[in-house]
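Worksheet: one structure, shown below.
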Amino acid sequence: MLGAELRAARKAAGISTSTLGSRLGRSHTHISRWENGRLTPREADVGAVLGILGITGAERERLLGLAREAGDPNWVAPGVDKQLTVLMEYERTARRIVDVEPLLIPGLLQTAEYARAIMLGSGTSRGEADKRVTYRLGRRDILTRKRPVELHAYIGEQALRYAPCEPEVMLDQLRHLRQWAGHDHVVVRAIPLGQAYSPALEGAFVLLEFDRDRPVVHLEHYRSSTTITDTRDVGEFRKATDMLDRTAMGEDATSKLITEIINEVEGR
């Protein structure tokens, strides 16, 4: 998140990585490594960057606070906007995403109306909900670009059967999900009801894997999120995805289940 925030601040100031690096006595590559999270700048370095960019007051203190916390391998980000900053950066650079959602449709596969219904149901204002829906749909670019991210979605059967929205909205969502399941780079598998145990019972999580960086886990809570980068902790989540791979329904069976639920909803 620190890197993403520094890049956004630099671009807002209209300064290139080469110009910033020259003023700091660093190479433009060094600045890029700060911004993409491959190298953690010291608090003093961040202070120097903020001085050049003209950032003062509360915003300066907030970013210096991020610099102090950047060495923590498991970090909690309070606030929806901060969650989005972190998650969008991870998604943009990921090679493979494994999204485990026991109770909701994964965010990258949600329709606008389904996402809006959830946000309004949580008490979000209409204006703020519309803003967040726009962000969420924008994140889907990683699935439609020339070299899309590989997405594996494990979805609880509860999420497919029990709608948190109007039936018409859920019906459209299920059709939308079935369409995405037909893409080569998107794998949709249901976690069946009645299964004795599944790691999904412990809660939702997203495992993100990269070509050149270590994997991370993103845990999203009601009004905050946790980013886990500690190798041992991430390894436990990888074991959980291995278990889901062995126990979840296959792709064909999942598509059949979605179709059956669509027919049931249409019948009602």
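Where a number appears in this text, it was derived from the coordinates with a stated rule and is not lab data. Small disclaimer: the values here were computed from a predicted structure and weren't measured. So basically every Cβ, Gly included, is an ideal-geometry build from the backbone, and we count neighbours across all protein chains shown.
Key figures for this structure:
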item: Computed magnitude of the charge dipole of the chain (debye, nearest 20; Cβ of K, R +1, Cβ of D, E -1); result: 1040
item: Semi-axis lengths (Å, descending) of the ellipsoid that matches the C-alpha gyration tensor of the stretch 146-268; result: 27, 17, 15
item: Charge-dipole axis of the chain as Lys and Arg at +1 and Asp and Glu at -1 on Cβ define it, positive-most pick from A4, I228, V188; result: A4
item: For the stretch 200-207, Karplus couplings with θ = phi - 60° (6.51, -1.76, 1.60), whole Hz, Gly/Pro x; result: 5, 4, 7, x, 6, 7, 10, 9
item: C-alpha center-to-center spacing [the stretch 99-116, the stretch 1-64] in angstrom; result: 34
item: D_trans [Stokes-Einstein, Kirkwood Rh over alpha-carbon pairs] for the chain, 4 °C, 1.567 mPa s, µm² s⁻¹; result: 64
item: Cα gyration tensor category, rounded, prolate or oblate, for the stretch 2-69 with a/c compared to 1.5; result: oblate
item: Helix 251-267 axis, angle to the chain major axis (alpha carbon atoms, nearest 10°); result: 70
item: Per-q log10 I(q)/I(0), the stretch 62-219, q = 0.14 Å⁻¹ (Debye; single scatterer per alpha-carbon; no solvent); result: -0.78
item: Across K11/K131; K131/K256; K131/K239, pairs whose alpha-carbon gap is larger than 32 Å; result: K131/K256; K131/K239
item: Relative packing of 191-199, 3-11, which averages over residues the other C-beta atoms within 10 Å, highest first; result: 3-11, 191-199
item: Between 0 and 90°, nearest 10: helix 80-93 axis offset from the chain longest Cα axis; result: 90
